[in-house]
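Following: one structure in structure tokens, then a few remarks.
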Amino acid sequence: MDQNNSYEKIEQSARTRRRIRLGVTYVLLSLWALVVLFPFYWMILTSVKTYSAYNSEYVPKLYTTAPTLQNYVDAFTAVPLAKYFMNTLIFTVITTGLMLAVIVLAAFAFSRLNFRGKNLLFTLFLSLMMIPNELVIITNFVTITNWGLRNTFLGLILPSVTSIFYIYLLKENFEQIPDELYKAAKIDGTSDLKYLWKVMIPICRPTIITIIILKVIECWNSYVWPRLITDDAAYFLVSNGIQEIRENGFGRENIPAMMAAVVVISIPLIILFLIFHKKIMAGVSRGGTKG
């Protein structure tokens, strides 16, 4: 009987420790969620405050008693934000599509094809990641300008159609697919492109989807390159539009109108993440093989 009581006390003590650890974990996660989500709350809150109410707050308030949607109307009427939105969509879709074709073919070549100097060439590719982005931007600006592609969609798109990091990431996933599959496919007379399309891409779909989403976010948030290579409003992106609202549309102090534009611009990315967040987690956590 004493032994049974002892076991029960040990088990009860273990359950209590588990509950405490679980409670502490949930508290810490809740605090972290508040820290992460607070900027989004502040952005939305500011976007529904009136200009006068926002500027009269000596101490920022965490609520508003008179919300308004006028800032959203102003964001689309003071500057052609809808046109900039469409320009960004075109830029994002074309850039992501071209980049996907480039990195898939490059990753396949480095992971499956045998050619002289492959390892040396891939090492040189990886070494390019050590070059600061500022130097790359300067080189790209000079090249695009010399080609006469300033203030064109082609000039916006070309510098972003490849990524050494994404090639490396996809190559590592491709290499986890057993060589026996490739050899069996070649014996059956399957071409390299058909093997890539029918076998490798379906197996590595989570990683490819993750790369697509990351590239879409990168293109959607592009700021430095569009500001540098375009000064024609016909080719402005949403990042240019926000800056135009800040500088020309309302002056430098109308933060609520800027926040309204940011909210509208952020909605597509939030929806994209909510739809594909499981794919993103799978692409980051899993390898290239199934089963």
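The set of residues in the range 164-190 being assigned to a helix (DSSP H, G or I), more than 17 Å from K215 (Cα to Cα) and of a type in the set (A, V, I, L, M, F, W, C) consists of F174, L181, A184, A185, I187.
Could you list all residues from the range 181-234 that are basic (K, R) and surrounded by 19 or more Cβ atoms within 10 Å (Cβ to Cβ)? Matches in the range 181-234: K215 only. Across the range 44-75, the qualifying residues are those that are part of a helix (DSSP H, G or I) and either free of Cβ contacts under 8 Å to residues at least 40 places away in the same chain or of a type in the set (A, V, I, L, M) (or both), and the one among them that is surrounded by the most Cβ atoms within 10 Å (Cβ to Cβ) is A75. The requirement of being more than 24 Å from T230 (Cβ to Cβ), touching a residue at least 24 places away in the same chain (Cβ under 8 Å) and among the β-branched types (V, I, T) is fulfilled nowhere in the range 111-126; no residue meets it. Residues that are crowded, with 19+ Cβ neighbours inside 10 Å and among the hydroxyl-bearing types (S, T, Y) were ranked within the range 157-180; the one that is farthest from T123 (Cα to Cα) is S160. Assess whether L154 counts as being surrounded by fewer than 15 Cβ atoms within 10 Å (Cβ to Cβ) and under 15 Å from G97 (Cα atoms). Yes, satisfied.
Can you pull out the residues in the range 77-110 that are of a type in the set (A, V, I, L, M, F, W, C), in contact (Cβ under 8 Å) with a residue 12 or more places away in the chain, part of a helix (DSSP H, G or I) and surrounded by 17 or more Cβ atoms within 10 Å (Cβ to Cβ)? Within the range 77-110, L81, F85, F91, I94, M99, L100, I103, V104, A106, A107, F108, F110 meet the criteria.
The numbers here are math on the coordinates, done by the rules we state, and not lab data. All figures in this text were calculated on a predicted structure; none of them were measured in a lab. Positions of Cβ are generated from backbone atoms using ideal geometry, with glycine treated the same way; all protein chains shown enter the neighbour counts.
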